[in-house]
Amino acid sequence: LPDLSLASSLLVPCITITVVLFVICASIVKTFAMKHNYDTYENQELYAMGFANILGSFWLCYPSCGSLSRSAVVSNIGGKTQVFNVFVCMLLVVTLIALTPLLSTLPNAVLGSIILVAFRTLLSKMQNLRHLWRVQKSDFLCWLTTFLATLFLGTTYGLVTG
């Protein structure tokens, strides 16, 4: 049997991860529901995520969640079913097997530059804050308070603050 003495210290991180993942998945679902004109049911999403995460816990999987960037790419190139994901998974396995020896010699600076390019797009969205300040000061102050709480106090306190 597992050692349950650590369960109490894991309770807050588990709740934090659960809330963050559900909010991310719910926002992704709503984004694509508006784009493709279909109805969504948050309870169904919550049940599906719960079932997937409970099932995955038996094989030491990471908590599951959707990916906005990957879903956007699939949506833009016309992927409609889960068969597309099976094809991409097979392509990824072949790529990892065939290209890992070639990519293993990349310097860390190259990998860091990939992260910086992705981060640059996040920073470009900071310009929206000026607009938010002009349109709705209370939402801007809520965002700022949540951002500062997350930055200085940690993710859990940032979530509670937000």
Given a Förster distance of 45 Å, the FRET efficiency implied by the Cβ-Cβ spacing of Val160 and Met90, rounded to the nearest 0.05, works out to 0.60
From Cα coordinates alone, what are the radius of gyration and Dmax values for the stretch 38-110 in angstrom?
-> 16.4, 47
Put a dot 7 Å past each Cα toward the Cβ at Leu4 and Ser27; how far apart are the dots in nm?
-> 3.6
Work out the length of the dipole vector of the stretch 1-103 about its Cα centre, built from +1 on the beta-carbon of each Lys and Arg and -1 on the beta-carbon of each Asp and Glu, and round it to the nearest 20 debye.
-> 320
With a 1.4 Å probe and every protein chain kept in, tell me what percent of the accessible surface of the chain is carbon plus sulfur.
-> 72
Charge dipole of the stretch 59-149 built from unit charges on the beta carbon (Lys, Arg +1; Asp, Glu -1), centred at mean Cα; most positive-end Cα among Val93, Cys61, Ser71 is Ser71
What does the convex hull of the Cα atoms come to per residue for the stretch 69-126, in Å³?
-> 92
Which order do the peptides 76-85, 147-156 take when ranked by the mean count of other beta-carbon atoms within 10 Å per residue, highest first?
-> 147-156, 76-85
Cα-based reach from Lys137 at 18 Å (exclusive), listing lysines while leaving out same-chain residues under 8 positions away = Lys125
Using alpha carbons only: equivalent-ellipsoid semi-axes of the stretch 119-160, gyration tensor based, whole Å = 20, 15, 6
Using a ≥ b ≥ c from the Cα gyration tensor of the stretch 1-88 (square roots of the eigenvalues), is it rounded, prolate or oblate, where a/c under 1.5 gives rounded and otherwise the larger of a/b and b/c decides, a/b for prolate?
-> prolate
Inter-centroid distance (Cα atoms) of the stretch 102-150 relative to the stretch 5-65, Å = 23
222 nm mean residue ellipticity, helices alone, for the chain (DSSP H n ≥ 4; -39,500 (n - 2.57); rounded to 500) | -25500 deg cm²/dmol
For the chain, alpha-carbon Rg relative to the globular expectation (2.2 N^0.38 Å, N residues) | 1.29
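The values are calculated or read from the model by the stated rules, or taken from the named source; none is laboratory data. Every value quoted in this text rests on a predicted model; they were computed, and no experiment measured them. Cβ coordinates were reconstructed from backbone atoms using ideal geometry, including for glycine residues, and neighbour counts include every protein chain displayed. Keep in mind that these areas ignore ligands, DNA and RNA; they rest on the heavy atoms of the full protein, side chains included. Shrake-Rupley method; radii C 1.70, N 1.55, O 1.52, S 1.80 Å.
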